[in-house]
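Report on one structure; see the data block that follows.
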Amino acid sequence: MHFFALKWSRHLLIIIVATISVSSAAPANAVPAFARQTGLECTSCHVSWPELTPTGRQFKLNGYTLGERQSFPLAGMLQLSRTSTAKANPANAGDFPRDGDVVVQQASVFVAGKISDHVGAFTQWTYDGIDHRASIDNVDLRYANRIDIAKQALIYGFTLHNNPTVQDVFNTGPAWGFPFGSSSVAIAPNASTAIESLGQQVAGTGAYALWANTLYGEFSSYRTADREFSLLRTGTDRSSDAALKGNNPYLRLALQHEWDDGAQSAMIGAYRLSVDRYPDNTNTTGPIDRFRDVGVDAQYQYITDRHRISMQINTIRETQDWMASTQSNPSDVLREIRGKIGYYYDRKYGANLGYFSIKGNSDATLYNTGAADTGSVSGSPNSSGYILELDYLPKRDVRLMLQYTEYTKFNGAKFNYDGFGRDARNNNTLYLLAWLMF
């Protein structure tokens, strides 16, 4: 125990020193591109980045165009992290790459901001320090404008993006939901929904509108990011990328309300994504598997200079029809719920508590890989647990984060879920992250 504490203390010191060195080396004006453009503090648009405030949502809805166009709309991001799994399996080290090491988790370059009065962009290129691969990350290109209808403002626009829900202005969906930072070293449950699994593989084109700052709606269509859209998945592993049949529709509706001079806001919404996917991405003429995701989400925020409270909840029900793949069942269902409550004091000190659960019917062919650590001997996708996160932001562009994930169930069971004696609690992780924006 004493050795473990000394090892963690040494790695904590390495991360803090590296963070101070990098942030101190940056000149005073080396702030993220959006802040340079608008002249606003990061906390004007973010509860604590990347979670948006009402001001941040307006900035995004208006196509990232508020403020003065910059000659060099560049920004950067660096993530240094250390993950400690409760029981890493030394006999199966491939499932625990770099566990216990300080790693450069990600390094990103952003080209982001105003292009013209009505056109703006958010584009990200990322180097993955675990897989040692550089590729396109999230992209959201927008045209936005406004008109008056019934004496109320209607903000409307069009978007081209490469990750379902990356275009959304609320922090409930998979792309921008909690946890905002997480380990890429720790093993994760087998099951996930389609809407969570298509990032940097698809091209989404859509139209959106917000009327009277109350009613929000969006319709987008997703297709494989190939031919004229191939830049949207530059550098990705195309051998495992999804291949979709035709255009796949996404519908989003939400009601929001702000009061107390904007200090408080709330939203309730729903969305639906339909996906027809080829099981073999090298054969796009045969039968497809069909996925239907229906989600309901809600959000509340209370924001002052001293106190900031935010709560989000998101539920997804997915039906899976195996019309091409051979699974144990002709169809399966997944139900996922994620929730978070967070508090920040003086915009520097924060704590977040999250809950997650994914459940569905057992399917031995789909979920039981037969492998130690990652398999499910019962064929069940059920996993659940809690996330406790502590945050410290000594500067507006530096975040130090300590996150603990506890599993109450993993791949179908609390004990011996893989048939090789591994328990859910063996996957509990302690994760330390230094997150720098510049």
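The values are calculated or read from the model by the stated rules, or taken from the named source; none is laboratory data. Computed from a predicted model, the values in this text were never measured in an experiment. Cβ: placed from backbone, ideal geometry, glycine included. Neighbour counts: every protein chain shown. Just the protein is used for accessible areas: all its heavy atoms, side chains included, with ligands, DNA and RNA removed. Shrake-Rupley method; radii C 1.70, N 1.55, O 1.52, S 1.80 Å.
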(request) Can you confirm whether segment 277-299 contains a residue that is under 25 Å from Tyr250 (Cβ atoms), within 23 Å of the chain's Cα centre (by Cα) and of a type in the set (Ser, Thr, Tyr)? (result) no
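Does Lys340 fit the bill of being open to solvent by less than 60 Å² (accessible area, probe 1.4 Å) and farther than 30 Å from Ala225 by Cα?
Values: open to solvent by less than 60 Å² (accessible area, probe 1.4 Å): yes; farther than 30 Å from Ala225 by Cα: yes.
Yes.
Go through segment 305-318 and give me each residue that's open to solvent by less than 40 Å² (accessible area, probe 1.4 Å) and over 19 Å from the mean Cα position of the chain (by Cα). Please lay out each step first, then the result.
Going through segment 305-318, the residues open to solvent by less than 40 Å² (accessible area, probe 1.4 Å) turn out to be 308, 310, 312, 314, 316, 318.
Within segment 305-318, Arg308 is the sole residue that qualifies.
Does Gly76 meet the test of being small (Gly, Ala, Ser) and either open to solvent by less than 20 Å² (accessible area, probe 1.4 Å) or modelled with pLDDT of 95 or more (or both)?
Values: small (Gly, Ala, Ser): yes; either open to solvent by less than 20 Å² (accessible area, probe 1.4 Å) or modelled with pLDDT of 95 or more (or both): yes.
So Gly76 fits the description; yes.
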(message) Taking the condition of being open to solvent by 40 Å² or more (accessible area, probe 1.4 Å), under 19 Å from Gly76 (Cα atoms) and either of a type in the set (S, T, N, Q) or part of a strand (DSSP E or B) (or both), how many residues in segment 115-156 meet it?
(response) 6
(request) Taking Lys60 as meeting all but one of (1) modelled with pLDDT under 95; (2) surrounded by 18 or more Cβ atoms within 10 Å (Cβ to Cβ); (3) among the basic types (Lys, Arg), write down the number of the exception. (result) (1)
(request) Please go through segment 226-240 and pick out each residue that is surrounded by 15 or more Cβ atoms within 10 Å (Cβ to Cβ), under 21 Å from the mean Cα position of the chain (by Cα) and not β-branched (Val, Ile, Thr). (result) Leu232, Arg233, Gly235
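Which of the residues belonging to segment 299-328 are of a type in the set (D, E, K, R) and under 30 Å from Arg396 (Cβ atoms)? Before the answer, list the steps.
Looking only at segment 299-328, we keep the residues that are of a type in the set (D, E, K, R), and these are 305-306, 308, 317-318, 321.
Once the filter is applied, which keeps residues that are of a type in the set (D, E, K, R) and under 30 Å from Arg396 (Cβ atoms), segment 299-328 yields Asp305, Arg306, Arg308.
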(request) Determine if segment 187-205 includes at least one residue that is over 30 Å from Ala371 (Cβ atoms) and acidic (Asp, Glu). (result) no
(message) Residues to consider are Ala324, Ala351; find the one that is of a type outside the set (S, T, N, Q) and farther than 30 Å from Ser48 by Cα.
(response) Ala324
(message) Can you find a residue that is in contact (Cβ under 8 Å) with a residue 12 or more places away in the chain, within 22 Å of the chain's Cα centre (by Cα) and under 22 Å from Asp128 (Cα atoms) anywhere in segment 241-260?
(response) yes
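Could you check segment 148-180 and list, in sequence order, the residues that are of a type in the set (S, T, N, Q) and over 23 Å from the mean Cα position of the chain (by Cα)?
Listed by number, the list holds a single entry, Gln152.
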(message) Tally up the residues in segment 208-227 that are modelled with pLDDT of 95 or more and either touching an Asp or Glu at 6+ places or on another chain (Cβ under 7 Å) or not small (Gly, Ala, Ser) (or both), please.
(response) 12
(request) Give me a count of the residues in segment 111-161 that are in contact with a strand residue (DSSP E or B) (Cβ under 6 Å, 6 or more places away or on another chain), under 24 Å from Leu436 (Cα atoms) and polar (S, T, N, Q). (result) 4
(request) Specify the residue that is modelled with the lowest pLDDT; the eligible residues are those in segment 389-438 that are farther than 14 Å from Pro179 by Cβ and basic (Lys, Arg). (result) Arg396
(request) State which residue is farthest from Asp280 (Cα to Cα) when the search covers only segment 204-225 and only residues that are surrounded by fewer than 17 Cβ atoms within 10 Å (Cβ to Cβ) and in contact with a Lys or Arg (Cβ under 8 Å, 6 or more places away or on another chain). (result) Gly217
